[in-house]
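In what follows, a structure is listed as C-alpha cells, so that the remarks can point back to it.
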Amino acid sequence: MDYYELAKQYKTPFYLYDFDKIKSRFYMLKDAFRARKSQIFYAVKANSNLSVLKFLASLDSGFDCVSAGEIYRALKAGAKKYKIIFSGVGKSADELEYALKENILYVNLESEAEMLLLEQIASKIQKTARISIRVNPNVDAKTHPYISTGLHENKFGVDIENAKKMYIYAKNSKFLEPVGVHFHIGSQILDISSIHEASNIVAKLVKELLALKINLKFFDIGGGLGVCYKDEQEPNLYDYAQGILASLQGLDVCIGMEPGRFLVANAGEFVTKVLYEKFNSSKRFVVVDGAMNDLLRPSLYEAYHEIKLLAQSHENESFCDIVGGICESGDFLAKNRKLPSTKSGDLIIVKSAGAYGFSMSSNYNTRNKVCELAYENGKVRMIRKRESYEDQIALELEFLKD
C-alpha cells in the first residue's frame with residue numbers, strides 16, 4: 001500500500017477501511033455458530049458509512065440500529081427490512097412510528113414506559129409491533145466503565161422480574177407481539193465468562209416464559225467482543241460460541257449477534273500528516289493535521305491506538321505526544337509514545353481505527369470531516385468525499401439576516 005500516493009491523491013487526514021478484512025471477520029464469527037440458526041446484526045453505530053453497510057448487506061448481514069437515522073442508512077444501503085432491529089434507550093415517538101411503518105424485524109424495548117408508548121403508536125396506525133426486551137442481567141463485563149452496560153447502575157435494559165411482567169403484558173396486548181429477548185453487557189469484552197454468565201441467566205428467563213406459553217424466536221446475545229488494540233488476547237470464538245450454545249440446550253431459538261467493533265475496528269486506519277514538531281521545555285509534541293474531532297477515542301477514553309510512523313529517518317528516538325490543532329488540552333491521538341524525529345510531510349498511521357472513529361467525528365472548531373476510502377481486492381476507492389466549508393454552513397445560510 002503506497003500511503004504517500006494515497007495522501008497525494010486524496011489529501012490528509014483520511015480513513016482507510018480494508019473490506020477484505022471485514023469479510024474475513026464476518027465469516028469467522030458466523031462460522032463459530034454454524035451448529036445453530038444464527039443471524040448477525042451489525043452494530044451500525046461502530047461505522048455507519050453507506051458503502052460499509054452495503055458491503056455487509058451483500059454478506060447477508062442484518063443491522064442493529066440505535067436511531068431512526070441508522071435505520072434510514074441501513075435501508076439506503078440495501079438492508080432487508082426483516083433483518084433490521086431497533087435498539088437504544090431513548091427512542092422517540094416519531095422514531096418508533098417510523099420503525100413500525102418500515103416493518104423492521106423488531107423493536108428492542110428498554111423500559112415499561114417505552115413499551116406503553118410503542119403500544120399506543122401501534123394502536124394508532126393499526127399495526128402489530130414485534131418486540132424484544134433488553135434484559136439487564138446485572139453481570140459485570142469487566143470493561144471500561146463508560147462502555148459497561150449490563151449492571152443495574154447502568155441506564156440500559158430492565159431487570160429479570162420487570163422483564164417477565166412486560167412479556168406477560170405484551171402477550172395479552174392486541175398490538176404487541178413478543179418475539180425475542182436481548183442482552184448486551186458491555187463493549188470491548190475480553191473475558192467471555194461474563195457473557196456466558198449473562199446467557200445462562202437470560203436463557204433461564206426464556207424457559208420460564210415458555211411455561212407461560214410465551215414462545216420467543218430470537219435470543220440476542222448482543223455484541224461487545226473485544227479486539228486487540230495493543231497486546232490484548234482476543235476471545236476464542238469457538239469457546240465463546242460453545243458457552244452460548246450450552247446455555248440454550250432445550251431451546252429452539254435463532255441466535256442473534258450484534259458485532260460492531262469486532263468486524264471493523266482492526267480493518268480501519270486513520271492516516272494523518274506531520275505538520276511540525278515543537279518543544280515546551282523538555283516536552284516534545286508532534287503536531288499533525290488530524291485531531292480529536294476526527295478520532296475522539298483517545299481523548300474520550302484515553303484509548304490506546306498503535307501508531308506507525310512512515311518516515312525516511314529512524315534516528316533520535318524520544319518520547320512525544322501526538323497532538324492536533326484543536327483548542328483543547330485534551331486534543332491528542334497518543335501520549336508518551338517513542339518516535340524518531342519527524343519532519344513536515346511524514347505520515348502517521350493510527351491503527352485499529354475502523355470502529356468509533358469517523359462515526360464519532362465532529363465539526364468542532366469548524367473543521368471539515370475527512371474523507372473515507374475503501375480497500376478491496378487490491379484497489380482503493382473513495383466512499384465519502386471530504387467535506388467543504390460550504391457543506392458545513394449549507395443548513396445555516398438561508399437564515400442569515402441582512
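The values are calculated or read from the model by the stated rules, or taken from the named source; none is laboratory data. For clarity, every value in this text was computed on a predicted model and none was experimentally measured. All Cβ positions, glycine included, derive from the backbone under ideal geometry; neighbour counts span all protein chains shown. Quick note on the areas: whole protein, heavy atoms, side chains included, nothing else; ligands and nucleic acids left out. Shrake-Rupley method; radii C 1.70, N 1.55, O 1.52, S 1.80 Å.
Could you point to the residue in 193, 93, 126 farthest towards the positive end of the chain's charge dipole, with +1 and -1 charges on the Cβ of Lys/Arg and Asp/Glu respectively?
The residue sitting most towards the positive pole is 126.
What does the accessible area per residue of the chain come to in Å², with a 1.4 Å probe and no ligands, DNA or RNA counted?
46
Over all directions, average the projected area of the Cα convex hull of the chain and note it in nm².
Averaging across all directions leaves 22.8 nm² for the Cα convex hull.
Sort the following peptides by mean Cβ neighbour count (other Cβ atoms within 10 Å, averaged over residues), highest first: 317-323, 395-401.
Ranking the peptides 317-323, 395-401 by packing returns 317-323, 395-401.
Over all pairs of distinct alpha carbons, what does the Kirkwood formula give as the hydrodynamic radius of the stretch 1-118, in Å?
15.9
Determine the calculated [θ] at 222 nm for the chain from helices alone, applying -39500 (n - 2.57) to every DSSP H run no shorter than 4 residues and normalising by the residue count; nearest 500 deg cm²/dmol.
After summing the helix terms and dividing by residue count, I get -8500 deg cm²/dmol.
Taking the Cα centre of the stretch 353-402 as the origin, how large is its charge dipole in debye, to the nearest 20, when only Lys and Arg (+1) and Asp and Glu (-1) carry charge on their Cβ atoms?
So the dipole magnitude of the stretch 353-402 works out to roughly 340 debye.
Can you give the angle from 0 to 90° between the axis of helix 112-125 and the longest principal axis of the chain, with both taken from C-alpha atoms, to the nearest 10?
80
Quote the convex hull volume per residue of the stretch 276-378, based on C-alpha atoms, as a whole number of Å³.
118
Of the listed peptides 274-286, 243-255, 102-114, what is their order by residue-averaged count of other C-beta atoms within 10 Å, with the highest listed first?
Taking the mean over residues of other Cβ atoms within 10 Å, the ranking is 102-114, 243-255, 274-286.
Net charge within 11 Å of residue 71 by Cβ-Cβ distance, Lys/Arg positive one each and Asp/Glu negative one each, not counting residue 71 itself?
Around residue 71, the charge tally is +1.
Taking the Cβ of residue 292 as the centre, find all other residues whose Cβ is under 15 Å away and add up their charges (Lys, Arg: +1; Asp, Glu: -1).
Net charge in that neighbourhood comes out at -2.
Rounded to the nearest 10 degrees, what's the angle between the helix 160-171 long axis and the longest principal axis of the chain, both from Cα atoms, 0 to 90?
Helix 160-171 sits roughly 60 degrees off the main axis of the chain.
Under unit Cβ charges (Lys, Arg +1; Asp, Glu -1), what dipole magnitude, rounded to 20 debye, does the stretch 221-293 have relative to its Cα centre?
540
Dipole magnitude of the stretch 162-244 about its Cα centre, charges +1 at Lys/Arg Cβ and -1 at Asp/Glu Cβ only, in debye to the nearest 20?
Magnitude of the dipole: close to 800 debye.
What residues have an amide H closer than 5 Å to that of residue 131, excluding those fewer than 5 places away on the same chain, when H is modeled at 1.01 Å from N in the peptide plane?
107, 177, 179, 180
When the accessible area of the chain is computed with all protein chains present and a 1.4 Å probe, what percentage of it is carbon and sulfur?
Using a 1.4 Å probe with all protein chains present, the chain comes out at 50 percent carbon and sulfur.
In what sequence, highest mean first, do 343-349, 217-223 appear when ranked by Cβ atoms within 10 angstrom?
The peptides rank, most packed first, as 217-223, 343-349.
Using +1 at the C-beta of Lys and Arg and -1 at the C-beta of Asp and Glu, which of 298, 111, 313 has the Cα lying farthest in the positive direction of the dipole of the chain?
111
What angle, in degrees between 0 and 90 and rounded to the nearest 10, separates the Cα long axis of helix 193-211 from the longest principal axis of the Cα atoms of the chain?
The angle comes out at about 20 degrees.
Which listed residue (287, 6, 52) has the Cα farthest towards the positive end of the charge dipole for the chain, taking +1 on Lys and Arg C-beta and -1 on Asp and Glu C-beta about the Cα centre?
Working it through, the farthest residue towards the positive pole turns out to be 52.
Check each of the chymotrypsin sites (Phe, Trp or Tyr not before Pro) in the stretch 324-381 and keep only those in coil by DSSP with at most 13 other C-beta atoms within 10 angstrom; list them in order.
none
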